[in-house]
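Engineer: Handing you this structure, nothing more for now.
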Amino acid sequence: RKRIVSGVQPTGAIHLGNYLGAIKNWINLQDLYDTLFFIVDLHAITLPYDTQELSKATRNTAAIYLACGVDTSKASVFVQSHVRAHVELMWLLSSATPIGWLNRMIQFKEKSRKAGDENVGVALLTYPVLMASDILLYQSDFVPVGEDQKQHLELTRELAERINYLYGGRKWKKLGGRGGAIFKVPEPLIPPAGARVMSLSDGLSKMSKSAPSDQSRINLLDPKDEVVRECQDMNWGTFKTLLTDSLVDHLHPIQARYEEIISDSAYLDGVLEEGAVKAAAIADATLNNVYQAMGFLRRR
Ligand code: TYM
């Protein structure tokens, strides 16, 4: 079966953009593909963050996946930092990543401008290499994401091809590797609708977890009255009531399931543990191949 991976950062509240651009589409894919969905906690430290909140936000995000319909009998759900191979492969990949590729990333430019120089760590620049590692470790065929991640996906593809070229092919076969390619070159899956949900307060920006005003987005866990208030600010005339009603109807069961899941911590821990074990088995196999292809002395 073809494989799909995707993830969301545990920063701020998960909003309608994350849902329509990504999570909602994962649900339909579970039946057709081998799927792994992670919570990318290592990505969440690329800008200043609250250590008191990180683990809670990670759990909440996992609970949202499940509440939205991710089914653990089909998909693996795990926390990125629980599978060590992500960071390890990132180092190997970064040795073959030209700095120029990273400098031209739109998200880096936007985020570093907003954060100010003193808040910009090296990790904000190298972030797309970690994202490439998340994807390439699993030999993924497709990656369902919103429009804003397209450029990172392109970099992932270029990086996969570069590593295949530098260390794969005949050289790697000689070292005992099967086939020529070290990595599968993944394709983005960007939904025809919902790939770029706009902010409620600024029609030129996308809806974003990091926007200062909570009024600029509809969070999946927003209570009904709030959703109604936020929709009232929109400029869509007669559609408004209709939209608000259907949105509230759609979110209600998700919120009810979320409450159930988040209050059962033993269940949630079990899901994440099982997910990490399954993911690590795949990830470690790829990582071993890369070490071998790159010529490292392996421990016996
Ligand atoms: P993140 O956490 O910013 O967003 C999670 C997903 O939501 C999509 N999205 C949107 N879609 C439509 N309209 C919007 N306004 C909107 N805002 C966000 C994003 O495109 C994304 O699909 N780097 C990624 C997380 C990541 C990842 C990965 C994804 C890390 N490693 C590997 C896939 C595969 C990010 O920061 O997404």
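Engineer: Is there a residue in the stretch 21-28 that is modelled with pLDDT under 95, more than 13 Å from the ligand (Cβ to nearest atom), within 22 Å of PRO144 (Cβ to Cβ) and not charged (D, E, K, R)?
Structural biologist: Within the stretch 21-28, one or more residues are modelled with pLDDT under 95, more than 13 Å from the ligand (Cβ to nearest atom), within 22 Å of PRO144 (Cβ to Cβ) and not charged (D, E, K, R).
Engineer: Sticking with this one: Residue pairs, Cβ under 7 Å, 6 or more apart or interchain, first in the stretch 204-233 and in a loop (DSSP other than H, G, I, E, B), second modelled with pLDDT of 90 or more and of a type in the set (Phe, Trp, Tyr). List them.
Structural biologist: Partner pairs satisfying both residue conditions: LEU220/TYR19; LEU221/TYR258.
Engineer: Filter the stretch 266-300 down to the residues that are more than 19 Å from SER6 (Cβ to Cβ), of a type in the set (D, E, K, R) and part of a helix (DSSP H, G or I) and list them by number.
Structural biologist: Selection gives ASP269, GLU273, ASP284.
Engineer: Looking only at the stretch 188-207, which residues are within 7 Å of the ligand (Cβ to nearest atom), of a type outside the set (A, V, I, L, M, F, W, C) and modelled with pLDDT of 90 or more?
Structural biologist: ARG196, LYS206
Engineer: For residues that are under 28 Å from the mean Cα position of the chain (by Cα) and free of Cβ contacts under 8 Å to residues at least 24 places away in the same chain, scanning just the stretch 155-179, find the one that is farthest from VAL143 (Cα to Cα).
Structural biologist: TYR165
Engineer: Limited to the stretch 108-154, what total is found for residues that are touching a residue at least 40 places away in the same chain (Cβ under 8 Å) and either among the β-branched types (Val, Ile, Thr) or at positive phi (or both)?
Structural biologist: Qualifying residue count, the stretch 108-154: 4.
Engineer: Would you pick out the residues in the stretch 29-46 that are within 11 Å of the ligand (Cβ to nearest atom) and among the hydrophobic types (A, V, I, L, M, F, W, C)?
Structural biologist: Within the stretch 29-46, LEU36, PHE37, PHE38, ILE39, VAL40, LEU42, ALA44 meet the criteria.
The values are calculated or read from the model by the stated rules, or taken from the named source; none is laboratory data. For clarity, every value in this text was computed on a predicted model and none was experimentally measured. Note: ideal-geometry Cβ built from the backbone for every residue, glycine included; neighbour counts use all protein chains shown.
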